[in-house]
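Laboratory data are not the source of any read-out in this text; all were calculated from the coordinates shown. As the structure is a computational prediction, the values presented were derived from the model and not from experiment. FYI the Cβ positions are ideal-geometry reconstructions off the backbone, even for glycines, and counts take in every protein chain you see.
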Amino acid sequence: MPGVDSLRSAPFDAAVTGIGMVTAGGVGTAATWDRVCEAAGTAAREVPGLAGMPVSFGCVVPDFDADALVGRRKAWRLDRSNQLAIAAATEAVADSGLDPASWDGARVGVVLGCGLGGAGSWEKQYDVLRDTGPLKVSPTLIPMLVPNMSAGYVAMEIGARGPNLVTSTACASGSTAVGIARELLRSGACDVVITGGTESCVVPSISTGFSQMGALSERRDDTARASRPFDAGRDGFVLGEGAAVLVLERHADAQARGARVRARVSGYGASADAYNATAPDPEGTGAELALRAALLDAGLAPGDIDHVNAHGTSTPLNDRMEGRLIRRVLGDRPSVTSVKGVLGHSLGAAGAIEAAVTVLAMEQSFVPPTANLDSPDPEIDLDVVAGAGREGEVRAAVSNSFGFGGQNAVLLFTAA
């Protein structure tokens, strides 16, 4: 069989020309960026729908008005995950300067990541079925719950008639989506791809499932300090929701139309641990394949990487594995941060949110701090930014995402 070097294609840059975010940090990219940079603790709160559950708090989007952002006539028939996706996509397209009224929709694709689909709608309609019978179940149940509808509804909103799909690689879904979107541009299948991820499943069944496997933080008495990536006292992640969307174009096309290029997606790597359904390979052997593939794809060496936006879930096993991986492959030079200390873990949307934050860190020459990192784990020997953010040029950065099933995806960004 040919070696990977012989199969390597020519370097390819996808320009990021638009960003939209809706997260526990706030509605809109600016609100999320400010909250992440402030790093004033985890944006967690008691969630009324989780009352009586083993863990009753989570990171939910504050003051999200679906009627105002999506439109009342549409919002009622959409799952919240679809609503978040549309809001983020609308902001991202506007930010890009592209006009859906004038583009060739057949050349515009949509690729979004989503791990669980319309979990909230499914749970709510099951309650209706149980309590009042089948005739009261909403006829919109199926399009509300199937994961592909987030991309479908975004396409309807902006008139994108090109390739349309949702990637589902657990907590790596958002990063996988961005990587696939770049490939659609590289192949010539699309001229523009709207990509990212969405998730909204801070609901009893999902929260309880994670709680039963011991994955969630149980800091009920201090939720602002519950998510603690890389801290010696971490005890699990905080379940979150959100959406982030990037607009990608070929770099030459973006330059030709005079667009603001915020950063470039220059590399992507994916792999599987083939190890365990829920636990990562302790040594990160599979994850290393994805990281090295992203470096090779971009034509960069480990020493070229200035910054790592870590998966950093705040779970004992993931953070330890990722720390070993980063140290082994990239050394101790790159600055490292995890936004999950602030935003919690939004599962299928997490990789997209972190990709967007990585782009902003490069654009602003500012690495946000990791919230709640008071006592660094001595087993994690990295330059993790904590306390306050750090100013400085970021020329190349990677964003790591890992998911159940041993799914790994790494995005490599370079400065515009």
Problem set entry | More than 26 angstrom apart: percent of Cα pairs within the stretch 1-149 | 44 percent
Exercise. The stretch 339-416 to the stretch 11-60: how many Å between their Cα centroids?
Worked result: 13 Å
For this session: Distance from a point 7 Å along Cα→Cβ of Glu218 to each backbone N in the stretch 286-330: keep the residues under 15 Å and list them by number.
Result: 316
For this session: Report the full-extension gain for the segment Ala40 to Tyr126: residue separation times 0.36 nm, less the Cα-Cα distance, to one decimal in nm.
Result: 27.2 nm
Exercise. Which ³J(HN,Hα) values in Hz, rounded to whole numbers, follow from the phi angles of the stretch 151-162 under the Karplus curve 6.51 cos²θ - 1.76 cosθ + 1.60, where θ = phi - 60° and Gly and Pro get x?
Worked result: 5, x, 5, 4, 4, 4, 5, 10, x, 9, 10, x
Problem set entry | Alpha-carbon spread of the stretch 14-256, three principal axes, descending order, Å | 55, 51, 30
Exercise. What is the log10 of I(q)/I(0) for the stretch 179-281, computed with the Debye formula using one identical point scatterer on each Cα and no solvent, at q = 0.10, 0.13 Å⁻¹?
Worked result: -0.51, -0.76
For this session: Can you spot the lysines whose alpha carbon is less than 28 Å from Lys136's alpha carbon? Ignore those fewer than 8 places along the same chain.
Result: Lys74, Lys124
Seminar exercise, completed: FRET efficiency (Asp104, Asp65; Cβ distance; R0 25 Å; to 0.05) is 0.15
Exercise. Gain in length, Ala388 to Ala272, computed as 0.36 nm per residue apart minus the alpha-carbon separation, to one decimal in nm?
Worked result: 38.3 nm
Seminar exercise, completed: For the stretch 14-78, the dipole about the Cα centre with charges only on Cβ (Lys and Arg +1, Asp and Glu -1), to the nearest 20 debye, works out at 340 debye
Exercise. In whole Å, what is the distance between the alpha-carbon centres of the stretch 119-136 and the stretch 175-239?
Worked result: 26 Å
